[in-house]
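Shown next, in structure tokens, is the structure this report addresses.
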Amino acid sequence: MISFEEALEIALNNAQVSGEEEVSWESASGRVLSRDVFSDISMPPFDKSAVDGFACRMRDAGCGMELKVIETIPAGSVPQKQVQAGECSRIMTGGMLPTGADSVIMVEDTETSSADTIKFIKKKSAANICIKAEDVKAGEKVLDKGTLIGAAHLAVLASVGNTRIWVSRQPHVAVISTGNELVEPEDKPSGARIRNSNAWQLVAQARQVPVKCTYYGIADDTPEDLQDKMAMALYKTDIVILTGGVSMGDFDYVPAAMESLGAQILFKSIAIQPGRPTVFARYNNQFIFGLPGNPVSSFVLFELLVKPFILKLMGCEQQPLILKLPMGADFTRRKSARKSVIPVMIRDGLVFPVEYHSSAHINAYTKANGMLIMEIGTTGIRKGETADVRPI
Ligand code: AMP
Ligand code: MG
């Protein structure tokens, strides 16, 4: 058995980017930049007004001062007139600041005194200007290689004219459920059978990373069927995720099937609860995860281990977000030989464990918005003490 940190390190050390491709705007969200991005212009490209108002000299913006309005500057138009003492230009948000002006007084802080004059009615005005290049200088790097592209990143790519988006190759993931007891959700289980819930959970988790994910069905608990289904998935995909069949039961053939296929097992037991019998294997440049069959184990190990692995395979090394928050109630556990992960609800800045029976109890995670992480050797945490929580 190795620590969770060792297991994660082994997995991440095996994850290397395998190429890049150019994608369109429509499909760039959720991809990882494979090249740094630089700006071809300064942002803003000129001094501009941050408000709707009147561009003037700051020293003219004294309470009760009357200013003559000499032109109107909409956003997108170049000012035609220079602002002199006692003058101002009506300007819209985003409009180019006229020469001579060094501030913009807000419409709300003025009164119209006659057809072409306004009066400043506040004591003091802020400058209300966005200075040329204050956000980005022309030629500056705006996004780093390895960045996972979200909405704000797309806005930056658009504003710097990056119309060719180079991203790392996206791996294709396969999900296989294992177990003779499983029936698909549309069937009603009878006798000792249960519904296959893990497959849909894992497919959703993989698509949320996001990566392409294909479901390959349920494998019987036989070495032959496991090997066949794994081989079929490896033929078309880069990463195969199996659930079930990895513990000590008489019919847990997944690790043996991986080996007879020719895959090299890199670890098969992690000091974590739930999720101890998690298996990770390498097959040339493809990878196989064998996650335990209990739904919570497979959910947690995907989040903690498989997700960072997939992201690293795309060149993105994200540190998990760990919140340090006070407990809202006591929590104790009997054993402390493994790192443990407990479903919790963060409410009003406090951490509350939710009702949780065991690793089969996936319902608990529908009522949780975080995972409390308890390190090896810790048996309890009291109300008010600081806990490490990963939001989910
Ligand atoms: P295993 O890891 O195969 O020993 O399975 C552990 C427990 O998880 C057993 O109670 C299984 O019935 C259950 N289980 C295995 N696979 C699934 C699945 N795909 N969906 C829901 N429960 C499962
Ligand atoms: Mg099983």
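No lab work stands behind these numbers, since they all come straight from the coordinates. Model, not experiment: these values are computed from the prediction. FYI the Cβ positions are ideal-geometry reconstructions off the backbone, even for glycines, and counts take in every protein chain you see.
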**Under 24 Å, Cα to Cα: Lys pairs in the stretch 235-392, sequence gap 8 or more or different chains** = 18
**Message:** Order 193-205, 368-380 from most to least packed using the mean count of other Cβ atoms within 10 Å.
**Reply:** 193-205, 368-380
**Fill in**
Connecting every pair of Cα atoms under 10 Å apart in the chain and solving the GNM, the largest mean-square fluctuation among L325, L157, L33 falls on L325
**Fill in**
Site S27, offset 7 angstrom along Cα→Cβ, radius 20 Å on amide nitrogen, limited to the stretch 210-240, gives 210-215, 236-239
**Message:** Running a GNM on the chain with Cα contacts under 10 Å, which residue among V209, V156, V78 ends up with the highest mean-square fluctuation?
**Reply:** V78
**Message:** Below 8 Å, C-alpha to C-alpha, sequence gap of six or more: please give me the relative contact order for the stretch 323-391 in percent.
**Reply:** 49
**Fill in**
Using the Cα gyration tensor of the stretch 50-89, the equivalent ellipsoid's semi-axes, largest first and to the nearest Å, work out to 19, 11, 8
**Prompt:** Measuring from a point 7 Å past the Cα of K124 along Cα-to-C-beta, which residues in the stretch 58-87 have an amide N at less than 14 Å?
**Reply:** 59, 61-63
**Asked** If pairing requires two Cys Cβ atoms under 4.7 Å apart, which cysteines of the chain are left without a partner?
**Response** C63, C130, C213, C316
**Message:** Straight-line reach only, C-alpha to C-alpha below 22 angstrom: list the lysines that K81 could link to, leaving out same-chain residues fewer than 8 apart.
**Reply:** K48, K68, K119, K132
**Request:** Filter the GluC sites (Glu not before Pro) in the stretch 163-261 to those in DSSP coil with at most 12 other Cβ atoms within 10 Å of their Cβ, and list the result.
**Result:** E186
**Request:** Among DSSP beta bridges whose residues both lie in the stretch 48-130, state the antiparallel percentage, nearest 5.
**Result:** 80
**Radius 11 Å from Cβ of G86, net charge of other residues (Lys, Arg +1; Asp, Glu -1)** = 0
**Item:** Packing-based ranking, highest mean first, of 90-101, 128-139 given that Cβ atoms within 10 Å are counted
**Value:** 90-101, 128-139
**Complete:** The orientation-averaged projected area of the Cα convex hull of the chain, in nm², is 26.5
**Fill in**
The rounded separation in angstrom of the Cα centers of the stretch 285-319 and the stretch 1-38 is 12
**Item:** S114 paired with F46, simple spin-label distance in nm, labels 7 Å along Cα-to-beta-carbon
**Value:** 3.1
**Rounded tilt (10° steps) of 4-14 against the dominant C-alpha axis of the chain** = 80
**Fill in**
Placing each pseudo-label 7 Å from Cα in the direction of the beta carbon, E184 and I322 end up separated by a distance in nanometres of 4.2
**Item:** Neighbour net charge for P274 - beta-carbon separation under 14 angstrom, K R +1, D E -1
**Value:** +4
**Karplus-derived 3J(HN,Hα), 6.51/-1.76/1.60, for each residue of the stretch 209-225, Hz, glycine and proline x** = 4, x, 9, 6, 9, 10, 8, 10, x, 9, 9, 5, 7, 10, x, 5, 5
**Prompt:** Taking amide hydrogens as modeled 1.01 Å from N in the peptide plane, which residues meet the under 5 Å criterion relative to F38, leaving out close sequence neighbours?
**Reply:** V142
**Request:** Enter the Cα centre distance for the pair the stretch 336-359 and the stretch 161-220, rounded to the nearest angstrom.
**Result:** 26
**Prompt:** Reported to two decimal places, what Rg/Rh ratio describes the stretch 259-349 when computed on Cα atoms with Rh from the Kirkwood expression?
**Reply:** 1.04
**Prompt:** Arranged from highest to lowest average of other beta-carbon atoms within 10 Å per residue, in what order do the peptides 46-54, 290-298 appear?
**Reply:** 290-298, 46-54
**Prompt:** Given a cut-off of under 8 Å on Cα pairs at least six residues apart, what relative contact order in percent is computed for the chain?
**Reply:** 16
**Asked** What list of ³J(HN,Hα) values in whole Hz, one per residue of the stretch 229-246 in order, does the Karplus curve 6.51 cos²θ - 1.76 cosθ + 1.60 (θ = phi - 60°) give from phi, with Gly and Pro shown as x?
**Response** 5, 5, 4, 5, 5, 5, 5, 10, 10, 9, 10, 10, 10, 10, 10, x, x, 10
**Prompt:** Any idea how far apart A204 and F267 come out in nm if each label point goes 7 Å out from Cα toward Cβ?
**Reply:** 2.8
**Message:** For the chain, set up a GNM with springs between Cα atoms under 10 Å and report which of A337, A256, A75 has the largest fluctuation.
**Reply:** A75
**Prompt:** Dividing the convex hull volume of the Cα atoms of the stretch 323-391 by its residue count, what figure in Å³ per residue is obtained?
**Reply:** 78
